[in-house]
1. Pick out the one residue from ILE259, ILE192 that is over 30 Å from SER69 (Cβ atoms) and among the aliphatic types (A, V, I, L, M).
2. For region 52-63, indicate whether the set of residues that are part of a loop (DSSP other than H, G, I, E, B), at positive phi, away from ligand 2 (no atom under 16 Å from the Cβ) and at pLDDT 95 or above is non-empty.
3. Take region 229-260 and flag every residue that is open to solvent by less than 50 Å² (accessible area, probe 1.4 Å) and in a helix (DSSP H, G or I).
4. Report the residue count in region 91-135 for those that are within 16 Å of ligand 1 (Cβ to nearest atom) and either open to solvent by 30 Å² or more (accessible area, probe 1.4 Å) or closer than 17 Å to LEU166 by Cα (or both).
5. Looking only at strands (runs of 3 or more DSSP E) that fall completely inside region 139-199, which ones have 1 or more residues that are among the polar types (S, T, N, Q) and under 15 Å from PHE229 (Cα atoms)?
Amino acid sequence: MTTYLCKACGTQYPPSDEPPAACPICEDPRQYIPHDEGQRWLTFEELLGSHEADIHDDHGLLGIGCTPSFAIGQRALLVKSSAGNVLWDCMPYLDDEISERIGAEGGVAAIAISHPHYYSTMVEWAHTFGCPVYLHEAERKWVLRPDPAVRFWEGETHELGGGLTLIRCGGHYEGGQVLHWRERRALLSGDIVQVIPDRRYVTFMYSYPNMIPLPISKVQHIADALAPFEFDTIYGAWFDRFIEADGSNIVRRSAERYIRAVTEPGLRS
Ligand SMILES: [Zn+2]
Ligand SMILES: [Zn+2]
């Protein structure tokens, strides 16, 4: 037996002899099945044999990705808090180089992942580091490789200790969560709050690849959920998707701009 991963989204499925019949993550309108290749699979061993670890500093945090880019291409971040190390978000590739490097940094006390597109091989990571994975209850049905390490929380916020708070923003996914780090005045946002190229704004979408917007009420809800939290920096989902300053105001301004754009034709700014 082996485990199969979807090539388009990087989701790992339970051990099996044959690939799964379908990938529900990619069949959902927020992701896609590539029109040229169709649904494709590879084994975890094939992933390890064809990629390498990419571990480097990402604006003051240790970023962990792989090269060449695989599936959605997000990187994970190691958050070294006073209450222990938290791995924020997850990515499919995990080899000895990564586990040794993270071990040298003190291991991982907990994993938290913004939304199902990045669940990827979270169970491999949880088993490697002997730690739980914190997800929002609203995304239970998207855990396609169930495991006792996965723990669901309910409500709007969840404290991890060390000044780390998971905030349920919703939007892109109903249980979409971000991580606020009080001591660093940082927001780790996955693509629940998307850092865009000009770094002066962020955005919020139901589907990024398929360009399906969110209704005004959901964008307002994200802004309201983040309003009580102060932060300067915002770390998006990929290496170098980083906002250096004024993060709280940028989120507020961006929600206002989004709402104006869909209510006032001819928006200029
Ligand atoms: Zn998929
Ligand atoms: Zn996503």
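The values are calculated or read from the model by the stated rules, or taken from the named source; none is laboratory data. Because the structure is predicted, anything quoted here is derived from the model rather than measured. Glycine also receives a Cβ, built like all others from the backbone with ideal geometry; neighbour counts cover every protein chain displayed. Calculation scope for accessible area: heavy atoms of the full protein, side chains included, ligands and nucleic acids excluded. Shrake-Rupley method; radii C 1.70, N 1.55, O 1.52, S 1.80 Å.
1. Values: ILE192 fails: over 30 Å from SER69 (Cβ atoms).
None of the others qualify; the one that does is ILE259.
2. Scanning region 52-63, I find at least one residue that is part of a loop (DSSP other than H, G, I, E, B), at positive phi, away from ligand 2 (no atom under 16 Å from the Cβ) and at pLDDT 95 or above, so the answer is yes.
3. Selection gives GLY247, SER248, ILE250, VAL251, SER254, ALA255, TYR258, ILE259.
4. Counting residues in region 91-135 that are within 16 Å of ligand 1 (Cβ to nearest atom) and either open to solvent by 30 Å² or more (accessible area, probe 1.4 Å) or closer than 17 Å to LEU166 by Cα (or both) gives 5.
5. 157-161, 164-168, 177-181, 186-190
This table checks each residue for (1) free of Cβ contacts under 8 Å to residues at least 12 places away in the same chain; (2) acidic (Asp, Glu); (3) in a loop (DSSP other than H, G, I, E, B); (4) within 16 Å of ligand 2 (Cβ to nearest atom).
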residue: ALA21; (1), (2), (3), (4): yes, no, yes, no
residue: GLN39; (1), (2), (3), (4): no, no, yes, no
residue: LEU48; (1), (2), (3), (4): no, no, no, no
residue: PHE70; (1), (2), (3), (4): no, no, yes, yes
residue: LEU94; (1), (2), (3), (4): no, no, yes, no
residue: ILE98; (1), (2), (3), (4): no, no, no, no
